[in-house]
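Below you'll find the structure, written out as structure tokens, and then a few comments.
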Amino acid sequence: MPPIIALDFENQAIATRFLAQFPATEPLVVKIGMELFYREGPQVVRAIQKRPQTQIFLDLKLHDIPHTVEQAARQIGRLGVQLTTAHAAGGSAMLAAAKRGLIAGAAEVGLKPAQLLAITQLTSTNQQMLTQELQINGAVIDSVTHLAALAQTSGADGVVASAQEANAIRQAVGTDFLIVTPGIRPANSQQDDQSRVVTPEAARQLGSSAIVVGRPITQAPEPVTAYQHILSAWEEAK
């Protein structure tokens, strides 16, 4: 899978202008997050789906009681996206409900269900926050691997986690499990509000299945060039 471009834009018009810079034949995977989806709703998904060879990661991070999450996931399933997310902290029953909802919604419209990724610990979470604010004892990596194992046994297809934990996750869940890693920054770029960051090359070597890149591409003077550099670094690190 090529690097996933995070379309963290205010509205659909800006996202459309951004994507128009790429050749129409360029296979892309893009992430629609809360900011864009809450502004535009399902129409932004449908609009981007009209672009040839474009897959969509709808990152809404579902987290509620199992029934509510199942019904929300059913609606996501009807959209025909390829990936979506729910918080592993919601527990096994909630994750299983999300999976059921995705399958049911996709079946209603004759589409393949989205793969479910469980959020472990956000890449903005550091050890101090985990221990002092969230009052979770132990190291970040222990929390992440525990939640990854929980996600796997609950029917999720993979997790979202920092590449710094990818090797430990792989040891805990085996090879047939997606590890999608945000917090990717090319060498010599700013970390912004991320705490656990790695380069594209390091992410591949550490065991990431896919990477998510936002501001290093979307805020670059030449986004297509920036994307191509990251794509090359990711592919050459195989």
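Each value in this text was obtained by applying a stated rule to the coordinates, not by laboratory testing. None of the values given here were measured: they were computed from a predicted structure. Here the Cβ is made from the backbone with ideal geometry for all residues, glycine too, and neighbour counts use every protein chain on show.
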_Taking amide H atoms as placed 1.01 Å from N in the peptide plane, list the residues 5 or more away in sequence, or in a different chain, whose amide H sits under 5 Å from that of ALA6._
LYS31, VAL213, GLY214
_Estimated inter-spin distance, LYS238 and GLN127, nm [label 7 Å along Cα→Cβ]_ = 3.7 nm
*Please list, in chain and number order, the residues 5+ apart from ILE119 or on another chain whose amide H is under 5 Å from its amide H, with Hs placed from the backbone.*
ALA86, HIS87, ALA88, VAL160
*Return the FRET efficiency for the residue pair ASN167, GLU35: r is the Cβ-Cβ distance, R0 is 30 Å, and the value is rounded to the nearest 0.05.*
0.45
_Normalised contact order of the chain, rounded percent, pairs of Cα under 8 Å and 6 or more residues apart_ = 18 percent
*asked:* Below 8 Å between Cα atoms, with a sequence gap of 6+, how large is the relative contact order for the range 1-102 in percent?
replied: 24 percent
*How many percent of Cα pairs in the chain exceed 25 Å?*
40 percent
*Most mobile of ALA97, ALA20, ALA210 per a Gaussian network model of the chain (Cα springs, under 10 Å)?*
ALA20
*Report the FRET efficiency, 1/(1 + (r/R0)^6), for ARG17 and GLU201, where r is their Cβ-Cβ distance and R0 is 41 Å, rounded to 0.05.*
0.85
*Specify the residue with the greatest mean-square fluctuation among ARG46, ARG17, ARG78, computed from a Gaussian network of the chain linking alpha-carbon atoms under 10 Å apart.*
ARG17
*Pairs of lysines 8 or more apart, or on different chains, with alpha carbons under 19 Å: count those in the chain, would you?*
6
*Most mobile of GLU70, GLU201, GLU108 per a Gaussian network model of the chain (Cα springs, under 10 Å)?*
GLU108
